[in-house]
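*Asks:* Before I ask anything, here is the structure I am working with.
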Amino acid sequence: MRQRRLLRLYPSRWRQRYEEEVGALVEDEPLSLGAVLDLVRGAFDAHVHPELGAPSLVGSTGSGQIPLAPPSQRSPAADLLRVVLVLIALIAIGLGLLYAYRAQSPAVPSVSFQQLLSEIQDGRVRAVTIDGSRVTFVLTDGRTQQTTAPSGDIVVRAVSDRNQADPAHQIELRFSQTSPDFSVAPSIFLSVLPLLLVVALIFTAAWAVDRSRGPQRYELLARLGDLKDRGLITEEEFQKEKRRLLR
Amino acid sequence: MTNHKLSSEAVLILVSLADEPKHGYAMQHDIERISGRRLGPGSLYGAIARLEAAGLIEALSDKGARRPYRLTAAGSRTLSSELESMRRLAAAGMRRLAER
């Protein structure tokens with residue numbers, strides 16, 4: 001089921017505890033945008049609140065074999081590396097966003113078609129590139145502008161009229177062929193790219209926050225408390241572990 | 001941990017569990033029936049996880065996909081006081097509307 005895959009967005013602790021239940025629920029849900037957003041939001045929430053995935057020990061009557069994860073052995077260097085990697089990822093995402101924004105709003109200013117015709121007639125155009133109905137032109141002062149032409153033929157005629165009238169200053173005429181199929185897919189991709197990057201940024205941030213909260217100290221503490229309540233470890237051992245965890 | 005503000009989802013879940021233990025699927029349907037509001041799996045389990053962490057509800061057994069939850073004593077008290085304050089709020093609102 002496709003919906004079930006969305007549960008992979010959740011942190012592993014949360015999944016250990018709830019995945020089976022939520023998975024069963026999710027499979028009964030019609031796959032709607034609302035349901036997807038609901039799960040994505042839930043996953044984000046679970047990342048920001050890592051304490052929610054902790055196994056509940058109230059009323060649990062299991063085999064008594066609650067695995068006590070060994071305290072994680074992370075060196076400061078590894079932590080630093082993670083922070084650097086997160087920073088690099090953030091910078092890459094920022095640059096990606098900037099690029100996507102630039103691609104969305106090209107720097108070439110648009111003018112009216114009439115203006116293009118009068119610029120051609122006044123001899124202020126150096127080169128014209130026709131791509132379907134889109135016409136990009138370079139002015140003699142070096143500026144590039146673009147417009148939408150009702151038909152490329154009108155532009156061709158205007159350019160050749162001008163070239164005949166002033167053969168000394170020829171306007172360069174070019175035709176660019178981009179097939180529509182080729183340009184639609186990238187433009188769709190580019191239009192959703194900012195959204196994808198924002199989602200990626202949110203998850204990266206959530207992951208970073210999750211990491212910075214330390215190696216599940218309170219969850220371990222809760223498990224220790226449970227072991228003590230079951231009489232598997234003594235009060236003294238519990239206090240010792242607690243001091244070590246909270247140090 | 002019982003003094004925190006309950007979300008509307010949390011209140012719905014507590015009300016749903018007020019008569020008998022239910023698993024997630026049953027809660028979802030019960031909540032839709034009593035309130036007309038359908039909680040998505042993400043919202044439902046987000047609220048369940050919070051209530052469980054706060055000790056207001058508890059999972060009954062390791063029944064896997066159909067694990068039932070029930071109110072704890074603290075959950076009953078919290079729901080009771082929440083409903084009482086809702087009642088007062090509703091009464092005040094109705095009184096003011098009637099006085100207009």
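Each value in this text was obtained by applying a stated rule to the coordinates, not by laboratory testing. Small disclaimer: the values here were computed from a predicted structure and weren't measured. Reconstructed Cβ throughout: ideal geometry from the backbone, glycine too, with neighbour counts over all protein chains shown.
*Asks:* How many partner chain Cβ atoms sit within 10 Å of a residue's Cβ in peptide A:25-33, on average, as a whole number? Before the final figure, lay out the partial values.
*Replies:* Details: counts 12, 4, 2, 4, 4, 0, 0, 1, 0.
Taking the mean over all residues of the peptide, I get 3.
*Asks:* Step through the residues of the stretch A:126-138 one at a time and calculate ³J(HN,Hα) from phi using the Karplus curve (6.51 cos²θ - 1.76 cosθ + 1.60, θ = phi - 60°), rounding each to whole Hz and writing x for Gly and Pro.
*Replies:* Coupling constants for the stretch A:126-138: 9, 8, 10, 10, 9, 10, x, 8, 8, 10, 10, 9, 9 Hz.
*Asks:* So how far apart, in nm, are the two label points at A:Ala89 and B:Ser81 if each is 7 Å from Cα heading toward Cβ?
*Replies:* About 4.1 nm separates the two model spin labels.
*Asks:* For peptide A:14-23, what's the mean number of Cβ atoms from other chains within 10 Å of each residue's Cβ? Working shown, then result.
*Replies:* Numbers: counts 3, 0, 0, 5, 9, 2, 6, 14, 8, 3.
Counting Cβ atoms of other protein chains within 10 Å of each residue's Cβ and averaging gives 5.
*Asks:* List the aspartates and glutamates whose Cα lies under 18 Å from the Cα of A:Lys240, skipping any in the same chain that are fewer than 8 positions away.
*Replies:* By straight Cα distance, A:Lys240 reaches A:Glu219, A:Asp226, A:Asp229.
*Asks:* Would you please give the residues with an amide H less than 5 Å from that of A:Ala127, counting only those at least 5 places away or on a separate chain, with H modeled from the backbone geometry?
*Replies:* Placed amide hydrogens put A:Val138, A:Glu172 under 5 Å from A:Ala127.
*Asks:* From other protein chains only, count the Cβ atoms within 10 Å of every residue's Cβ in B:35-44, then give the mean.
*Replies:* Details: counts 0, 0, 0, 3, 2, 12, 17, 19, 5, 5.
Partner-chain Cβ atoms within 10 Å, mean over residues of B:35-44: 6.
*Asks:* Just tell me which aspartates and glutamates come within less than 13 Å, Cα to Cα, of B:Lys5; anything on the same chain fewer than 8 places away is out.
*Replies:* Filter leaves B:Glu82.
*Asks:* Right, next: Largest first, please: the extent of the C-alpha atoms of the stretch B:1-78 along each principal axis, to the nearest Å.
*Replies:* Principal axes ranked by extent give 28, 27, 23 Å for the Cα atoms.
*Asks:* Next up: Might you report the magnitude of the Cβ-based charge dipole of chain B about its Cα centre, with Lys and Arg at +1 and Asp and Glu at -1, to the nearest 20 debye? Numbers along the way, then the final one.
*Replies:* Numbers: 16 positive and 11 negative charges, 64 e Å.
So the dipole magnitude of chain B works out to roughly 300 debye.
*Asks:* So for the pair A:Asp161, A:Leu195, with labels modelled 7 Å out along Cα→Cβ, what separation do we get in nm?
*Replies:* Inter-label distance under the simple model: 4.5 nm.
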